[in-house]
Amino acid sequence: MSSTATRPTPRATTAPTGSPRPAPPPPPVLRRAAPALLAYLAVRLTGLLVLTLWAHRQHHGVWPILAVQWDADWYLGIADHGYAHVLGTARDANNLAFFPLYPYLMKAVAVLTPGSRASTGLGIAVVSSVVAAWGVFAVGDRLHGRRAGVLLTVLWAALPVGLVQWMGYTESLFTAFSAWALYAVLTERPLLAGALATLAGLTRPTGIAVAAAVTVWALLALRRRPFDPRLLAAAALAPLGWCGYVGWVGLRLGRWDGYFAVQRLWHNELDGGVQTLRRMREYLMYDSTPELFFVLVTCALIVAVVLYALSVWDRQPLPLLVFTGVLLVIVLCSGGVYFPRARFLLPGFPLLLPLALHLARASRRYRALALTAAVLGSAYCGAYMALVWPSAP
């Protein structure tokens with residue numbers, strides 16, 4: 001499979017001075033993305049319907065699951081009370097591990113809208129998920145055409161942990177910034193790419209993966225355009241969000257390694273993947289009755305590695321490979337909590353491109369069966385994750 005774009009390259013136009021200048025790429029028109037966005041909403045509404053019916057049978061409300069539990073509660077606490085001032089000795093008292101853009105955006109928007117901060121946070125997540133789906137489509141469409149873009153969007157919506165896209169979490173907002181930053185790179189808009197990478201770096205710890213993708217692309221592009229100030233600005237801008245927050249935590253705690261000390265408090269230290277491999281071996285080989293969610297997470301990690309290998313084989317554009325590669329390294333090489341790792345990989349939508357291309361070339365019947373199975377499986381896994389699994393997704 002080749003990663004070469006199927007759409008023709010725009011013809012060069014001539015400036016009034018007579019010097020050749022490439023035509024700007026066509027904008028990602030909303031009308032072109034409409035089928036992908038409608039399909040995205042259909043997939044997520046299916047998951048929400050299954051969750052609602054299952055929750056009703058258990059006499060459980062859906063609102064607390066989506067808006068105020070687990071990480072959502074941490075972000076609401078930051079929006080209400082701000083960050084901790086000291087490191088402390090227990091992770092339950094330290095919220096500096098959570099990046100600031102989402103909770104402060106929630107706080108700002110709540111001033112202008114009716115309802116609680118929880119409803120505002122959930123609304124931001126849902127709107128961000130649609131913007132993210134548009135960005136996912138734009139990347140797939142740019143590289144392989146409209147059909148591949150639509151399929152990529154549906155596959156991203158139908159991930160087993162796709163329910164998180166409509167919860168008070170940061171994954172949707174982060175994916176929106178990541179997808180559009182990568183699209184800006186593919187269409188050679190360095191300042192936009194750098195600015196979006198900065199915002200991604202203020203949203204999640206894995207924002208460093210977006211910064212790496214944009215910075216590597218900008219530095220390599222400087223070999224062709226050594227005096228382009230926009231590329232230099234993009235390379236400098238991209239890591240500012242992540243580095244800025246990490247530096248601020250250090251100043252707040254009065255130690256240069258303040259942020260990393262917080263992560264150690266949460267048992268999130270890079271160990272080269274030792275803990276990940278140990279847990280995989282335990283659940284796949286020695287545990288006679290493993291918890292279904294642990295099996296799901298383990299399979300998601302293995303499949304992600306296989307898909308990354310296929311992405312390299314397909315010669316995906318380097319920025320996409322850098323983004324997903326750094327994301328995988330962070331997730332797989334962390335010695336921290338195991339069960340949320342499938343969620344941590346949710347923004348890595350370029351990993352799904354090999355599957356989207358395979359489905360694009362398959363027969364209609366095969367494609368319909370595969371997508372139906374993915375959508376129903378996602379709906380079941382989402383409801384199970386929220387109503388049966390006793391911990392955070």
For residues in the stretch 184-214 being over 26 Å from residue 227 (Cα atoms) and among the hydroxyl-bearing types (Ser, Thr, Tyr), which is nearest to the chain's Cα centre (by Cα)? 206
Matching entry among 357, 376, 328 (being surrounded by fewer than 17 Cβ atoms within 10 Å (Cβ to Cβ), hydrophobic (A, V, I, L, M, F, W, C) and in a helix (DSSP H, G or I)): 376
Do we find a residue being within 30 Å of residue 78 (Cα to Cα), at pLDDT 95 or above, in contact with a Ser or Thr (Cβ under 7 Å, 6 or more places away or on another chain) and surrounded by 24 or more Cβ atoms within 10 Å (Cβ to Cβ) anywhere in the stretch 204-226? yes
(1) under 12 Å from the mean Cα position of the chain (by Cα); (2) more than 19 Å from residue 74 (Cβ to Cβ): which one isn't true of residue 160, the others all being true? (1)
Which pairs turn up if I take residues in the stretch 114-137 that are within 17 Å of residue 196 (Cα to Cα) and look for partners that are at pLDDT below 95 and of a type in the set (A, V, I, L, M) with beta carbon separation below 9 Å, at least 6 apart in sequence or on another chain? 134/30
Residue satisfying all of: in the stretch 46-85; under 16 Å from residue 119 (Cβ atoms) and part of a loop (DSSP other than H, G, I, E, B); farthest from the chain's Cα centre (by Cα) among these: 61
Return yes when residue 350 is in contact with a helix residue (DSSP H, G or I) (Cβ under 7 Å, 6 or more places away or on another chain), farther than 30 Å from residue 221 by Cα, in contact (Cβ under 8 Å) with a residue 60 or more places away in the chain and not hydroxyl-bearing (Ser, Thr, Tyr) and no when it is not. no
In the set 183, 169, which member is out of contact with any strand residue (DSSP E or B) (no Cβ under 7 Å at 6 or more places or on another chain), part of a helix (DSSP H, G or I) and not hydrophobic (A, V, I, L, M, F, W, C)? 183
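The values are calculated or read from the model by the stated rules, or taken from the named source; none is laboratory data. The structure displayed is predicted, hence computed values, not measured ones. Because the Cβ atoms are built from the backbone with ideal geometry, glycine has one as well, and the counts that use them run over all protein chains shown.
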